[in-house]
Protein chains: 2
Amino acid sequence: MNISGQYPSALLEKAVNEFSRLPGVGRKTALRFVLFLLRQDTATVENFAKAIVRLRQEVKYCKTCHNISDTDTCHICSNPARDASVVCVVENIRDVMAIEATQQYRGLYHVLGGVISPMDGIGPSDLQIDSLVERVKQGHVKEVILALSSTMEGDTTNFYIYRRLEGTGVQLSVIARGISVGDELEYADEVTLGRSIVNRTPFVGITS
Amino acid sequence: MNISGQYPSALLEKAVNEFSRLPGVGRKTALRFVLFLLRQDTATVENFAKAIVRLRQEVKYCKTCHNISDTDTCHICSNPARDASVVCVVENIRDVMAIEATQQYRGLYHVLGGVISPMDGIGPSDLQIDSLVERVKQGHVKEVILALSSTMEGDTTNFYIYRRLEGTGVQLSVIARGISVGDELEYADEVTLGRSIVNRTPFVGITS
């Protein structure tokens, strides 16, 4: 079905155009969304629109870790039960949510807002790296955990942060790379398998 | 990545909830959409929201064929070059767009707004069937083409329309079912292949 042409209504076409800007949404999916909304009550659609606009207008970023927050300091940074001496550096808020969901981490975060990527015109000054260095220099942070993607850009960013934090005395670590729990060895790529052997950990009877 | 839990912001969670109501959109995709919008200008997001609300509030349906339209009569029904004696009955506006895209049809449409589906609580009175019968009874329509999906519901609706139009003298036809152009016979299902043999058409040297 080729629906590239003729929309029967300019209003419809405008709405389809807007939806097709979303990542991974083509014009056919956008039309499906729009026709779905057309079948809803006007109030429902207005609430939908209001939620988006309010989010964009009123969203705040935590002034310490730059995570999205409804308050000046996010609920993680303001939680006295969390270990403020450990800071995990992540790319974006989705990574924070993924790590939080594991319930294995009790430290704080620092959301960079991306990784250094000269191809996309993203340099260190576009990211929250200065504020990370500032945060470390205040002296309360003992360990910085780098949890960026293991891509060229992630590695570049890791190295840049390493250089910037040299001499501050903070301990720098990266998350473990290895075979996923439940994965078969034979299907693992060589780099991951190699790293998982080099970075082997002592065997303990029960892992919690 | 399990992100079912904790959203760092109630505003964010609300926006994700709204997006995940869209058909085929789960919470992860919704979060992706929301984070994309957060990276856009406030004006861009406001335009996005305005396009949706304006569509819902100002959308009109053609009073003749019930297609979406910006005017009381849609651009198809008001086009004097189209053949008003042929009416193609379709389920929704996407079908109109699909048929229009073929550029093979010069008649008018009648958009039912769905098909009869007792399981979903959709009866004949929820669809634009009365207005179709009314339209036929006015006497200008010579042929009604049924172009509904070949599902149980589509067939039921076809039969219901057939019964309602009995005695009006209008010619009733259904679109041809057969092997798709370019498809291999061996992969076609038996019903389609059987129908395509029963409903064979005279061979002409060149099909336009």
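The values are calculated or read from the model by the stated rules, or taken from the named source; none is laboratory data. It should be emphasised that the depicted structure is a prediction, and the values quoted were computed from it without experimental measurement. Ideal geometry is used to build each Cβ from the backbone, glycine not excepted, and the neighbour counts take in all protein chains shown. Calculation scope for accessible area: heavy atoms of the full protein, side chains included, ligands and nucleic acids excluded. Shrake-Rupley method; radii C 1.70, N 1.55, O 1.52, S 1.80 Å.
Figures for the structure shown
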{"item": "The protein assembly as shown - percent of accessible surface contributed by carbon and sulfur, probe 1.4 Å", "result": "51 percent"}
{"item": "Antiparallel content of DSSP bridges confined to the protein assembly as shown, in %, to 5", "result": "20 percent"}
{"item": "Rounded accessible area per residue of segment A:32-128, 1.4 Å, Å²", "result": "47 Å²"}
{"item": "Separation in nanometres of the label points that stand 7 Å from Cα toward Cβ, at residue A:184 and residue A:28", "result": "3.4 nm"}
{"item": "Exercise: per-residue mean of other protein chain Cβ atoms within 10 Å, B:43-49", "result": "6"}
{"item": "Rg to Rh quotient for segment A:10-58, alpha carbon positions, Kirkwood Rh", "result": "0.99"}
{"item": "Residue A:109 long-range amide H proximity, modeled H, under 5 Å", "result": "A:88"}
{"item": "Loop-exposed GluC sites (Glu not before Pro) per DSSP, neighbour cap 12 Cβ within 10 angstrom, longest uninterrupted part of chain A", "result": "A:1-165"}
{"item": "DSSP H segments from chain B that extend 18 Å or more along their own axis, Cα-based, with Kyte-Doolittle mean of -1.0 or above", "result": "B:42-58, B:152-165"}
{"item": "Among A:96, A:31, A:136 - extreme Cα towards positive end, dipole of segment A:1-158, charges at beta-carbon", "result": "A:31"}
{"item": "Where B meets A: accessible area buried, both sides, 1.4 Å probe, Å²", "result": "5600 Å²"}
{"item": "Semi-axes of the equivalent ellipsoid for the protein assembly as shown, Cα gyration tensor, largest first, Å", "result": "57, 26, 19"}
{"item": "Lys pairs under 25 Å by Cα in the protein assembly as shown, provided they are eight or more residues apart or on distinct chains", "result": "29"}
{"item": "Förster radius 45 Å - calculated FRET efficiency between residue A:201 and residue A:130 (Cβ-Cβ, nearest 0.05)", "result": "0.85"}
{"item": "Cleavage-rule hits (trypsin sites (Lys or Arg not before Pro)) in segment B:1-91: DSSP loop, at most 13 neighbouring Cβ within 10 angstrom", "result": "B:39, B:63"}
{"item": "DSSP beta bridges in chain A [antiparallel fraction, %, rounded to 5]", "result": "20 percent"}
{"item": "Computed over chain A, Kirkwood Rh from alpha-carbon pairs, angstrom", "result": "20.8 Å"}
{"item": "Contact order normalised by residue count of chain B, Cα under 8 Å, 6+ apart, percent", "result": "12 percent"}
